1. Does Thr15 satisfy the criteria of being surrounded by fewer than 10 Cβ atoms within 10 Å (Cβ to Cβ) and polar (S, T, N, Q)?
2. Could you list, in sequence order, the residues of region 53-83 that are part of a helix (DSSP H, G or I) and within 25 Å of the chain's Cα centre (by Cα)?
3. Would you mention how many residues in region 196-213 are closer than 18 Å to Pro35 by Cβ and exposed (fewer than 15 other Cβ atoms within 10 Å of the Cβ)?
4. Test each condition in (1) open to solvent by less than 70 Å² (accessible area, probe 1.4 Å); (2) modelled with pLDDT of 90 or more for Ile62 and report the one that comes out false.
5. When you scan region 196-223, how many residues do you find that are at pLDDT 85 or above and among the basic types (Lys, Arg)?
Amino acid sequence: MSKKQVTSGTKAKKTIVNIIIHIFLAILSFIWVLPIFWVVLTSFRGEKGSYVTTFFPKTYTINNYVKLFTDTSILNFPKMFVNTFIIAIFTCIISTIFVLSVSYTMSRMRFNMRKPFMNVAMILGLFPSFMSMIAAIIDGATRWQVFTQITAPLSKPIIVYTILTSFMGPWVDFIFAKVICRADAQYYTVSIGLWKMLEKEYIDSWYTCFAAGAVVVSIPIAILFLLTQKFYVDGMSGAVKG
């Protein structure tokens with residue numbers, strides 16, 4: 001067998017493998033997107049109730065979104081949305097400040113039990129590039145300048161991750177919110193509100209509004225991610241000595 005034939009056979013084999021992999025990934029993508037597509041369709045469905053005989057709605061309407069924000073006689077979704085947004089914003093701010101403060105203290109200060117905690121921090125990979133901090137201190141920088149001009153810019157990826165997770169936590173949390181709010185509807189968050197829409201006394205009239213609410217709830221998370229994802233790329237180029 002000639003070398004040219006061996007090369008052609010190898011290329012053909014790689015092509016077949018690539019085709020199989022792409023088909024498999026396409027199927028996985030379809031499976032992943034299908035529930036999202038179905039929820040969006042259901043949010044515009046004109047037929048009420050949770051039991052239907054067709055995948056695609058027979059009629060389409062925006063009344064589900066209108067009802068979601070105007071019908072507050074039973075379930076006050078706008079109030080729940082505001083409650084959740086306030087909780088998520090303050091949780092995000094406080095959590096991020098605490099994480100950054102504790103992380104900087106762990107990496108720069110000296111105290112008992114520092115090494116075990118530092119091992120955990122190093123495993124998590126919170127603060128890379130310690131050498132740049134030493135160069136900055138030699139140049140006369142204060143600890144605050146090291147933190148704001150060296151540590152924080154170099155740690156943008158983990159800071160963005162902290163912001164995203166600390167915001168999403170209360171935004172999608174159900175169990176903790178349910179335990180705290182109990183039966184007091186004025187403090188309900190969107191997760192509790194959406195759960196209430198699926199109870200047997202509400203599901204027939206609120207099921208399509210539940211789908212609309214699920215779409216609305218996903219919007220702030222999508223916006224936050226779109227606004228912060230670029231910092232994953234810029235994170236390691238933010239602290240350059242001038």
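1. Working: surrounded by fewer than 10 Cβ atoms within 10 Å (Cβ to Cβ): no; polar (S, T, N, Q): yes.
In short, no.
2. Result: Tyr65, Leu68, Phe69, Phe77, Pro78, Lys79, Met80, Phe81, Val82, Asn83.
3. Number satisfying all stated conditions: 1.
4. With respect to (1) open to solvent by less than 70 Å² (accessible area, probe 1.4 Å); (2) modelled with pLDDT of 90 or more, Ile62 is out only on (1).
5. Matching residues across region 196-223 total 1.
The values are calculated or read from the model by the stated rules, or taken from the named source; none is laboratory data. In this text the structure is predicted, and so the values were computed from the model without any measurement. For neighbour counting, all protein chains shown are included, and Cβ atoms are generated from backbone atoms with ideal geometry for every residue, glycine included. The area values use the complete protein model at the heavy-atom level, side chains included, leaving out ligands, DNA and RNA. Shrake-Rupley method; radii C 1.70, N 1.55, O 1.52, S 1.80 Å.
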